[in-house]
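Inspection log for the structure reproduced underneath, given as structure tokens.
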Amino acid sequence: MPNENTISRRGLFMKLGILFNGLVATALAVPIVRFLLSSVTRGNANAYLSWVPLGPVGEFPEGETRLATFRNPYVMPTDGKTVDTACWVRRIDGEQFQVFAVNCAHLGCPVRWFPQSGLFMCPCHGGAYYRDGSRASGPPERGLFEYPHKVQSGLISIQAGELPTPGGSAALLGKRPPCAG
Amino acid sequence: MRWLIQLGEWFDRRLQIAAPIREVAEHPVPRNTASWWYVFGSAALVVFVLQLVTGILLALIYVPSANEAWSSLQALNHDVTLGWFIRALHGWGSNFMVAIVLIHMVQVFLFGAYKFPRELTWIVGVFLLLMTLGMAFSGQVLRFDQDAYWGLGIGASIASRVPIIGPAIVKLMLGGPIIAGATLSRFFALHVFVIPGMLIGFVCLHLLMVLKLGINEWPMPGRIVKRATYASEYHELTKQDGAPFVPYAIWKDLFFAAFVLLAVAACAIYFGPFGPTGQPDPTIIQTAPKPDYFFLWLYAVLSLLPPSLETPALLIGPVLVIIALLLLPFLSGEGEKSWRRRPIAVLTVLLLAIMLGTFTRLAQSAPWSPHMNAWSGAPVPDRYLHGTTALERQGALIFQVKQCRNCHALGEAGGQRGPSLDSVAVRLTQDQLIRQVIQGGGNMPAYGKNLSPAETTALVAFLETLHPARQAPARDASRDAALAESQGRRAPAQP
């Protein structure tokens, strides 16, 4: 009779077998988790953001706000039409610009510009913004998201690559337009 | 026939499942549970099987790639023989499944079936409900059109509000920095492998417990559930008043299941498949995305909540609801089962049903959304222009051109975001109108910077004409008094 403190040869092998499987599972879990979280880790390193050109400054008349489109800097071959993104470009005067994301700061629906009333309006929950992107009315808690931009040799570029969301993308949140609410 | 029986026996000698199947089929159930109220669980299972079959059929054609999904849906709708019908069955099957699961849950709740010893059956059921809703949402994403694209954007915006890890959740959900091919692929994996796999496992667990613990007896007012005595009471009940499930009770399940399948097919034929709407092209911004039917109430809640309450409500609300559902069988695991003796339970169900129904109804008309084309599409009614001055007509023009109409209705056409202005002159005096236009307030943007003084004068002149024919416009009483006073002062004193 084996007493309780001794361990049989087969019992030991079974425990070693479980331990062995545990080690292999842990070793395999590392690449699996890294693969699963790759989109997050890459984003944390800001590897998605880069400068993308919107076109020559001349395409944007002074005092007006125009829709521009750009190709997302991070592209996969199966992305289809989703790689192209729109943004609102406001040329105040000269080389003074503001570039807004089309995504409403409330829940991301595409806002439309109405030059006559000087308002951006959102079709979803009725958010409205003034021409400088600041909040006018409705459920958004802040103004429109603004892309960082630069003008170089007659070309306007923006720093883009991530979906602008209320809680996300530090680059876009850096400059907070004054919030009326 | 004899050879068939022999063949059956040959298999059963090896499989040995005939006896357990017979035992399950003939297990005694309390007679009064053979009721039309007890058919929803099996109906949900039947619709789930329909979803599995039609889902596999759709996967024969559908391409889960952001580049091709939309056109493969078009091919299903228009080119593949009866592709539209299979899509319609799957779409309507989804709506029916959510509806039947909800009805089943309400029935279980009102009949006290979640009480001892069926707590775990209820908890597994709560997870089944969540998975069903997960299937409904991920299915809407696979219909990769404009609504799906912007719906994902809304999902990402909500997820991003989680403190600290919000941005990480967004990237995990989207599979990258933007809504693109990887997003569709991971929702495909969720919709086709992960959630259905879990659903099948949980459904088996749910059914196993229904068989092991027995179907909930018909609740009688006054028959109290006690942990100590319930098992023996239930055993006694099935022994004295039991009948074999097959065929005593199952025929109602069979009839109802067939009726539900027929209803799904009828809806599929009559109404056809859902979408796809426009192409998922982010540069086309002339779109007003709306969620599928069972998420409409959420769409309404998101526009009606005060902005400051929105994030807490979005993040904490669902957690509280799920915790409440999971804790329910532990908080009231004993006691009365009958809804006749549980007024608060009945009121809770009514309250929730009225709330969800009202929000859904509101979301169908979405009065909070501006009508983006009203300013150019809805003419000013003739009667508001008859006999007006040049200034007032100029005001009517400004009213249209400045998109006031997108939020304000005239003659029942136009947005409902703001109040209808058919009788605004009765409500607001001239000064109040000017103030409201220039400074905004309430839900209205300030127009001060976008209207010249001349435009404001014309606009307010037009607005002052908007009152019913026999009702005088609002006037500032103090103005008359002030006017009279100043006239009185000027008038020569009477001797």
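Figures for the structure shown
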{"read-out": "For segment B:374-478: rounded, prolate or oblate by the Cα gyration tensor [a/c cutoff 1.5]", "value": "rounded"}
{"read-out": "Relative counts (whole %) of C-alpha pair distances in chain B, using bins that are 20 Å wide", "value": "17, 39, 29, 11, 4, 0, 0"}
{"read-out": "Cα-Cα over 25 Å, subset of A:Lys15/B:Lys212; A:Lys150/B:Lys290; B:Lys212/B:Lys337; A:Lys150/B:Lys402", "value": "A:Lys15/B:Lys212; A:Lys150/B:Lys290; A:Lys150/B:Lys402"}
{"read-out": "Proxy reagent accessibility, fewest Cβ within 10 Å first, across B:Trp251, B:Trp297, B:Trp70", "value": "B:Trp251, B:Trp297, B:Trp70"}
{"read-out": "Rg/Rh for segment B:411-457, where both radii come from Cα atoms and Rh is the Kirkwood radius", "value": "0.97"}
{"read-out": "Amide H contacts under 5 Å for A:Cys109, placed H, 5+ residues apart", "value": "A:Cys104"}
{"read-out": "Segment A:1-99: relative contact order as a whole-number percent, Cα under 8 Å and 6+ apart", "value": "19"}
{"read-out": "Highest average packing first - B:51-61, A:29-39, B:11-21, Cβ atoms within 10 Å", "value": "B:51-61, A:29-39, B:11-21"}
{"read-out": "Relative contact order of chain B, defined on C-alpha pairs under 8 angstrom at six or more residues apart (%)", "value": "18"}
{"read-out": "Nearest-20 debye value, the protein assembly as shown charge dipole, Cβ charges on Lys, Arg, Asp, Glu", "value": "1060"}
{"read-out": "Cα lying deepest toward the dipole's positive end in segment A:50-173, options A:Thr65, A:Phe97, A:Ser153, charges on Cβ", "value": "A:Thr65"}
{"read-out": "Burial ordering of A:Lys81, B:Lys290, B:Lys449, fewest other beta-carbon atoms within 10 Å first", "value": "B:Lys449, A:Lys81, B:Lys290"}
{"read-out": "Degrees separating the helix B:430-439 axis from the principal Cα axis of chain B, which is the longest one", "value": "60"}
{"read-out": "Cβ-placed point charges (K, R +1; D, E -1), dipole of segment A:28-155 about Cα centre in debye, nearest 20", "value": "340"}
{"read-out": "Ranked packing of B:282-288, B:414-420, A:42-48, most packed first, by mean Cβ within 10 Å", "value": "B:414-420, B:282-288, A:42-48"}
{"read-out": "Choice from A:Cys124, A:Cys87, A:Cys104 with maximal GNM fluctuation in chain A (Cα, 10 Å cutoff)", "value": "A:Cys124"}
{"read-out": "Least to most buried among B:Trp122, B:Trp3 (fewest other Cβ within 10 Å first)", "value": "B:Trp3, B:Trp122"}
{"read-out": "Shielding score for B:158-166, defined as the mean number of other chain Cβ atoms within 10 Å", "value": "3"}
{"read-out": "Relative contact order [Cα under 8 Å, 6+ residues apart], segment A:50-173, whole percent", "value": "26"}
{"read-out": "Average partner coverage of A:40-46, which counts Cβ from other chains inside 10 Å", "value": "4"}
{"read-out": "Square roots of 5 times each gyration tensor eigenvalue, C-alpha, segment A:50-173, largest first, Å", "value": "21, 19, 12"}
{"read-out": "Cut-off under 5 Å, modelled amide H: who pairs with B:Val225 long-range", "value": "B:Gly335, B:Glu336, B:Lys337"}
{"read-out": "Partner chain coverage, peptide A:79-90 - average Cβ within 10 angstrom", "value": "6"}
{"read-out": "Reach of B:Lys252 by Cα under 18 Å, taken over aspartates and glutamates that are not fewer than 8 positions away in the same chain", "value": "B:Glu26, B:Glu217"}
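Every read-out reported here was derived from the displayed coordinates using simple, explicitly stated rules and does not represent laboratory data. Remember, it's a predicted structure, so these values are computed and weren't measured experimentally. Because the Cβ atoms are built from the backbone with ideal geometry, glycine has one as well, and the counts that use them run over all protein chains shown.
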